[in-house]
Each structure stands twice: as structure tokens, then as C-alpha cells.
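A short write-up of the structure that comes next.
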Amino acid sequence: MSAETEFDVVIAGCGLVGASMALALRHRLRHNDLRIAVADRQAFDPQQTVYAQFPDQFDARVSALTLSSQQLLSELDVWNAATAMRVSPYQDMLVWDGEGTGSIQFSASEVAQSQLGTIAENSVVLTALTNQLNAERDIVKLMPFTIESVQRADHQQVLLTAADGQQCRTKLLIGADGANSRVRELMNFTTREWDYQHTAIVTTVRTELPHGHTAYQRFMATGPLAFLPLCQTESDEQKFCSIVWSCVPERAEELMTLSDEEFRLQLGRAFEHKLGMIEWCDKRMQLPLRQRHATEYYRDSVVLIGDAAHTIHPLAGQGVNLGLLDVEVLAEELSNGVKAGRQINDPILLSRYQRKRRGHNLGMMWLMEGFKHLFAQQAPPIQWLRNAGLSAVDNMAVIKNQLARRAIGLD
């Protein structure tokens, strides 16, 4: 092994969470001699993101970024670049029970904020991250590097071997390689997982009426439907939305086989025509939904973050936010530890990260699971309680504002 193949930290995965992790470590340990590398099976090319190739087209995959996520990206010198491309802040959110009359509306003004969050296309944020990563010459890009094996080299290092025979050693391996994490699989992390029995259909639509920077979510027995506002420019007509329609697999298959015209009609009915007719829809994608949670977030000198550690139902748009919170906490614990003279792979540092994040992530997962089951119930008493509860909370300013502050990352 040479100096070019020995690292202090290797981050597996150059997606939103992995790229953020690399930048966060470099940002916090700028004056430290740590060697950091990012490994990914795709070649590193900032010009190959969806946005870079098709800047006039909306990406079907979006995230509802909280204020805390935006703050982290700002610290990494990424957020301004993303907003210069295209993001869509929203000031209001309307949630209602499609099987009754209960509803609740949140407003940024009620919590003294300019926005509740921002809908950002994943490819826009990834473009900003990869451009910043490209500017960081001290971060080594091991790309392409398809991890084939992870082995303990000695008590201090892990040996990574790629499918093409490349090898490198690292003191700490951070698995940020997504829901189907190869690192998690190779290291035999135990997970608890179950199928949601839901499939999410995602696409972009244009509506008859402007969305007014409002996010909408309707809960139905077959699953939730979200309309998330998109903006091309500050002066556009506000008629584009990203939709996430989660439903039982049989219903999803039926919707995927419809013509665009019939799909738009059924989508409009499911949305109760809150924004008038659905005038256009882009190509539809379907994503099977599965919940997964690693029972431990670290083992030896390997630690998991983001979807590699936990995946949840997208009904609240919290997946990427949870991953960025992982980045924030892990970067803080590692940087504080290194500055205090500890090794980057010290199990004390990794256990602190696990303690701070595992309970929070698990709580969010159970909350989403509870919402899913609550709104799937068809028994009249449950429906009545659901609707009464939504309407009651909507009239309780203190409780509603506390929920809003927690949801947008202020508390």
C-alpha cells in the first residue's frame, strides 16, 4: 500500500448524504492532516447529474428540506449554489383526511419564519454538492470503485477491495451507499425490516391553478398523496408540482398502465381538484416502499449513515433530512474527538453518534408507521376520532406551532 491508497476516512457512496459527509468532515477538520476519500461505483463527473444534463426538466425525485438541512448545506458552501439553480420554498402546508372532514393547516407566519421548508430536486442538490466536492482537491475521489469485499486488515485499518482488483486501506469506513448498502451487507449488519405494502408513484405535473407555495397532503385508505410545489423562476405561474402517490401495489400497477389522460383524471379526483384540472404529467416512476433499520450503526471501524442505516416511508419527506442529521452529528463527534487527540475510528466517538441518532431515527420511523396505519383504518369510530383530532389540533395554536417547529427542524 502507498500513501495514495491509505486513508483515514473512506466514505462509500457519493449521493446526497455521502457527498455531504465528505464536505462536512473536510469543513470541520480543515487544518487537520486527515486523508479523506469518497468511493462510488460511478465515475466522478459533476456534468453527468440529471440537472447538469437536462437543466430545463424537473427531476421526479425531490426532497422537502427542513431549515436545519438548509443550514448544514449552507455551512458546506452548497446551498447558495442550489438556490441559484432551482429550489422551491413553501410557506404553507395543508393536510386533510380524504375519508372525512378533518384537516390541519400550517403556516410559516405562525412560527415567525419566512418558509416552512424548501422543495429541492435531488439532482439540483447533488449537482451543487458534486461541484463543491470537485473544488475540494484534498478529498480523493475513488471513482469508479465498486466495493467487492471489506476485511479487517489489522486492529487499526480496514481493507477495501473493488471488483476490478483495486485496493485501499482506511482507518474508518463510512457506509453512505443507500438503502441497498453493499457495506452493510458485507459487514453483516443486522437489520429489522418489513414491506410497507405500498408503492410510490412519482412524477411532475402541471395544474390549472397556481399552488401558491403551498404543500398539500391528502390521506386516503389506500395511501397518502402529496403535491409538492415547484418553481422554475421567481416569476413563473406556480403551476408545477412534484407528486408522490403512495398506494397499495395493486392500485399502483393499475395507475401505471393508464394513459396519461386517464392518469391525470384519476389523479385530479384523488386530489379533490384542489388546484383545478391536471393539465400535464411527465413520465411516471414507481418505487416499492420498504422500511429498514440497522440494529446497530457501527461495528469495528465501519459506521452507517443515511439510508444505509435507515429507510422510512416518504409520506413526510423526512428521508434525506434524517440522513443529513446523521451527517451533522457524526461530523461533530469525529471532529471533536480528533481535536481532543482521539483516533478517527475510536469506538467511543462512534457510540456517541449511535446514541444520539438511533433513537431519534427509530422514533420517526414508528411515527410514520403509526400515521400509515391510522389513516388506513376504515372503522367509523376511528374515522371520527381522526377527523376530530385533526380539527382540534388545528384550533390549538400552541400545540400546532410546536408540531410545525419540530417538523421544520427548529426544535
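The values are calculated or read from the model by the stated rules, or taken from the named source; none is laboratory data. Treat the numbers as computed from the prediction; the structure is a model and nothing was measured. Please note: Cβ atoms are built from the backbone with ideal geometry, for glycine as well, and neighbour counts cover all protein chains shown.
Can you report the number of residues in the range 35-65 which are in contact with a helix residue (DSSP H, G or I) (Cβ under 7 Å, 6 or more places away or on another chain) and farther than 24 Å from Gln318 by Cβ?
Initial filter on the range 35-65 (in contact with a helix residue (DSSP H, G or I) (Cβ under 7 Å, 6 or more places away or on another chain)): 36, 38, 46, 49-52, 59, 61-63, 65.
If we keep only those that are farther than 24 Å from Gln318 by Cβ too, we end up with 36, 38, 46, 52.
The total comes to 4.
Among the residues of the range 348-369, is there at least one that is modelled with pLDDT of 95 or more, surrounded by 22 or more Cβ atoms within 10 Å (Cβ to Cβ) and touching a Gly at 6+ places or on another chain (Cβ under 7 Å)?
Yes - at least one qualifying residue is present in the range 348-369.
How many residues does the range 71-95 hold that are under 12 Å from Leu116 (Cα atoms), buried (at least 24 other Cβ atoms within 10 Å of the Cβ) and out of contact with any His (no Cβ under 8 Å at 6 or more places or on another chain)?
Residues meeting the conditions: 0.
Please enumerate the residues belonging to the range 256-283 that are of a type in the set (D, E, K, R) and either closer than 14 Å to Phe227 by Cβ or touching a residue at least 40 places away in the same chain (Cβ under 8 Å) (or both).
Answer for the range 256-283, where residues must be of a type in the set (D, E, K, R) and either closer than 14 Å to Phe227 by Cβ or touching a residue at least 40 places away in the same chain (Cβ under 8 Å) (or both): Arg264, Arg269, Glu272, Lys274, Glu279, Asp282, Lys283.
Pick from Arg269, Arg299, Arg284, Arg264: which is in contact with a helix residue (DSSP H, G or I) (Cβ under 8 Å, 6 or more places away or on another chain) and among the basic types (Lys, Arg)?
Details: Arg269 fails: in contact with a helix residue (DSSP H, G or I) (Cβ under 8 Å, 6 or more places away or on another chain); Arg299 fails: in contact with a helix residue (DSSP H, G or I) (Cβ under 8 Å, 6 or more places away or on another chain); Arg264 fails: in contact with a helix residue (DSSP H, G or I) (Cβ under 8 Å, 6 or more places away or on another chain).
The match here is Arg284.
Could you please tell me which pairs satisfy a Cβ distance under 9 Å, a separation of 6+ or placement on different chains, a first residue in the range 46-58 that is under 20 Å from Leu228 (Cβ atoms), and a second residue that is of a type outside the set (D, E, K, R) and at pLDDT below 90?
Filtered contacts from the range 46-58: Asp56/Gln232; Gln57/Val50; Gln57/Tyr51; Phe58/Gln232.
How about the range 59-69: which of its residues are within 20 Å of Arg28 (Cβ to Cβ) and either free of Cβ contacts under 8 Å to residues at least 40 places away in the same chain or surrounded by 23 or more Cβ atoms within 10 Å (Cβ to Cβ) (or both)? Before you say what the answer is, go through the steps one by one.
Start the filter on the range 59-69 by keeping residues that are within 20 Å of Arg28 (Cβ to Cβ), which leaves 68-69.
The one that is within 20 Å of Arg28 (Cβ to Cβ) and either free of Cβ contacts under 8 Å to residues at least 40 places away in the same chain or surrounded by 23 or more Cβ atoms within 10 Å (Cβ to Cβ) (or both): Ser69.
Would you confirm whether or not the range 266-283 contains a residue that is of a type outside the set (Val, Ile, Thr), in a strand (DSSP E or B), in contact with a strand residue (DSSP E or B) (Cβ under 7 Å, 6 or more places away or on another chain) and modelled with pLDDT under 95?
From the range 266-283, those of a type outside the set (Val, Ile, Thr) are 266-277, 279-283; that's our starting set.
Subsequent filtering for residues that are in a strand (DSSP E or B) retains 279-281.
The next check asks that each one be in contact with a strand residue (DSSP E or B) (Cβ under 7 Å, 6 or more places away or on another chain); those that pass are 279-281.
Restricting the remaining residues to those that are modelled with pLDDT under 95 gives none.
Looking for residues that are of a type outside the set (Val, Ile, Thr), in a strand (DSSP E or B), in contact with a strand residue (DSSP E or B) (Cβ under 7 Å, 6 or more places away or on another chain) and modelled with pLDDT under 95, one finds none in the range 266-283, hence no.
Please enumerate the residues belonging to the range 152-168 that are more than 30 Å from Gln291 (Cβ to Cβ) and surrounded by fewer than 18 Cβ atoms within 10 Å (Cβ to Cβ).
Within the range 152-168, Arg152, Ala153, Asp154, His155, Gln156, Leu159, Thr161, Ala162, Asp164, Gly165, Gln166, Gln167 qualify.
Which numbered condition in (1) in contact with a Gly (Cβ under 7 Å, 6 or more places away or on another chain); (2) loosely packed, with under 15 Cβ neighbours inside 10 Å; (3) under 30 Å from Ala82 (Cα atoms) is the only one that Asn180 fails?
(1)
Any residue at all in the range 297-312 that's within 20 Å of Met187 (Cα to Cα), assigned to a helix (DSSP H, G or I) and without any contact (Cβ under 8 Å) to a residue 24 or more places away in the chain?
To start, the set of residues in the range 297-312 that are within 20 Å of Met187 (Cα to Cα) comprises 297-311.
If we keep only those that are assigned to a helix (DSSP H, G or I) as well, we get 306-308.
Cutting the leftovers down to without any contact (Cβ under 8 Å) to a residue 24 or more places away in the chain gives us none.
Within the range 297-312, none of the residues are within 20 Å of Met187 (Cα to Cα), assigned to a helix (DSSP H, G or I) and without any contact (Cβ under 8 Å) to a residue 24 or more places away in the chain.
Against the condition small (Gly, Ala, Ser) and out of contact with any Ser or Thr (no Cβ under 9 Å at 6 or more places or on another chain), how does Ala19 come out, does it pass?
Values: small (Gly, Ala, Ser): yes; out of contact with any Ser or Thr (no Cβ under 9 Å at 6 or more places or on another chain): no.
It is false that Ala19 is small (Gly, Ala, Ser) and out of contact with any Ser or Thr (no Cβ under 9 Å at 6 or more places or on another chain).
To keep it simple, each residue is scored yes or no on (1) in contact with a Gly (Cβ under 7 Å, 6 or more places away or on another chain); (2) surrounded by fewer than 18 Cβ atoms within 10 Å (Cβ to Cβ); (3) at pLDDT 90 or above.
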{"site": "Thr207", "(1), (2), (3)": "yes, no, yes"}
{"site": "Pro229", "(1), (2), (3)": "no, no, yes"}
{"site": "Lys239", "(1), (2), (3)": "no, no, yes"}
{"site": "Glu254", "(1), (2), (3)": "no, yes, yes"}
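Assuming Gln42 fulfils every condition listed in (1) surrounded by 24 or more Cβ atoms within 10 Å (Cβ to Cβ); (2) modelled with pLDDT under 95; (3) assigned to a loop (DSSP other than H, G, I, E, B) apart from one, which condition is it?
(1)
When the residues of the range 168-213 are filtered to those that are acidic (Asp, Glu) and not in a strand (DSSP E or B), which remaining residue is nearest to Thr118 (Cα to Cα)? Let's see the steps before the verdict.
As a first pass, look at the range 168-213 and keep what is acidic (Asp, Glu): 177, 185, 193, 195, 208.
Applying the additional criterion that residues be not in a strand (DSSP E or B) yields 177, 185, 208.
Values: Asp177: 24, Glu185: 33, Glu208: 22 Å.
Applying the filter and picking the extreme gives Glu208.
Could you go through the range 77-99 and let me know if any residue there is over 24 Å from Thr214 (Cα atoms) and not hydroxyl-bearing (Ser, Thr, Tyr). Let's see the steps before the verdict.
Here is the first cut: in the range 77-99, the ones over 24 Å from Thr214 (Cα atoms) are 77-78.
From the residues that got through so far, the ones that are not hydroxyl-bearing (Ser, Thr, Tyr) too are 77-78.
Yes, the range 77-99 contains at least one residue that is over 24 Å from Thr214 (Cα atoms) and not hydroxyl-bearing (Ser, Thr, Tyr).
Can you tell me which condition Arg292 does not meet? The list is (1) basic (Lys, Arg); (2) touching a residue at least 40 places away in the same chain (Cβ under 8 Å); (3) in a helix (DSSP H, G or I), and all the others hold.
Against the list (1) basic (Lys, Arg); (2) touching a residue at least 40 places away in the same chain (Cβ under 8 Å); (3) in a helix (DSSP H, G or I), Arg292 comes up short only on (3).
Could you tell me whether Thr5 is within 28 Å of Leu230 (Cα to Cα), among the β-branched types (Val, Ile, Thr) and modelled with pLDDT under 95?
Criteria not met by Thr5.
Those residues that are closer than 22 Å to Ile119 by Cα, over 25 Å from the mean Cα position of the chain (by Cα) and either among the charged types (D, E, K, R) or crowded, with 24+ Cβ neighbours inside 10 Å (or both), I need them from the range 276-322; list them, please.
Ile278, Glu279, listed by residue number.
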